[in-house]
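Coordinate-derived values only; no laboratory data. Not measured: the values here are computed from a predicted model. Note that each Cβ is placed from the backbone with ideal geometry, even for glycine, and that neighbours are counted across all protein chains shown.
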Amino acid sequence: MLGPLDYVLWCLGVLAEIAVVVCVVRTKSFLRYYSLVFYILCDAIVTSGLFYCVHQYGYSSARYAYFYYYSDSLLTLLLFWAVIQFYLQTFEEMGASKYIGWAAAIMIVTTAIFSYAVVHQNRGNLTGRFVVELGQNLYFVGVVLTYLLWGAILRLRETRMRLIQLVLALGIYFSADAMTYALRNLFPSPSLEYAVLRWIPPIMGVWLPLAWAYTMAKVPEDSRLTPARLMVKAQ
């Protein structure tokens with residue numbers, strides 16, 4: 001069952017998500033960051049569904065597990081939409097928008113096909129194993145896409161501070177969740193799961209909207225970094 005820390009993280013996450021939407025609207029940036037707002041709203045709906053499943057069926061129930069992994073994969077795909085938007089902003093002066101969109105779509109479809117192929121030999125457990133495998137691979141793709149974007153930002157000497165901080169927050173989020181999946185596969189220990197790994201996803205679920213809300217509230221759209229400071233930030 002849920003403990004006090006679960007409720008604290010849930011409340012903090014909800015407040016941070018509300019703050020993101022408020023900051024985007026207040027700064028009149030909705031058209032530029034609509035993918036972030038849509039993701040936040042969907043995440044709030046999923047969080048409510050997760051708590052309902054926990055109270056109705058229990059934390060260790062199969063229904064909760066299926067709902068968690070399926071909804072997590074869908075939310076990750078929505079985050080890819082945000083990543084693509086960041087790519088478009090980074091390359092908007094080069095006229096490469098069409099190619100970036102096609103490349104991202106092909107990568108996502110390829111990831112889904114690869115995940116299906118990995119578990120194809122075990123058809124009896126296809127549904128459960130596929131959704132876990134898909135979630136793991138999606139986070140890995142998210143890490144790759146985000147760090148490629150960060151490399152492009154450095155290469156092109158992008159200096160828009162708000163864009164840089166939004167991308168950095170997303171990179172930390174993807175890295176932490178991908179690491180969680182990796183550790184679960186390397187060390188399938190119930191004690192490690194309960195003591196550490198169980199808490200990383202909800203903590204990162206608070207971190208991402210909190211970091212975005214802070215960036216939207218404190219960093220103006222037209223603020224710039226000098227190239228020298230950008231290199232220091234990367235190190």
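One chain, two ends: Tyr147 and Ser223. Fully extended at 0.36 nm per residue, the span grows by 25.1 nm beyond their Cα-Cα distance. Place a point 7 Å from the Cα of Tyr52 along the Cα-to-Cβ direction; which residues of the stretch 1-38 have their backbone N under 16 Å from it? Under cut-off, by backbone N: nothing. A Förster radius of 22 Å combined with the Cβ-Cβ distance from Trp199 to Ser61 puts the calculated FRET efficiency at roughly 0.70. The residues packed around Asp72, meaning those with a beta-carbon under 13 Å from its beta-carbon, carry a net charge of -3 if Lys and Arg are +1 and Asp and Glu are -1.
Segment Cys42..Arg157, full-extension length gain: 38.1 nm, with 0.36 nm per residue of separation and the alpha-carbon distance subtracted.
Distance between the C-alpha centres of the stretch 198-225 and the stretch 24-53: 13 Å, rounded to the whole angstrom.
In this simple spin-label approximation, Tyr214 and Ala182 carry label points 7 Å from Cα along the Cα→Cβ vector, and these lie 2.4 nm apart. Computed over neighbours whose Cβ is under 13 Å from that of Thr47, the net charge equals -4, Lys and Arg +1, Asp and Glu -1.
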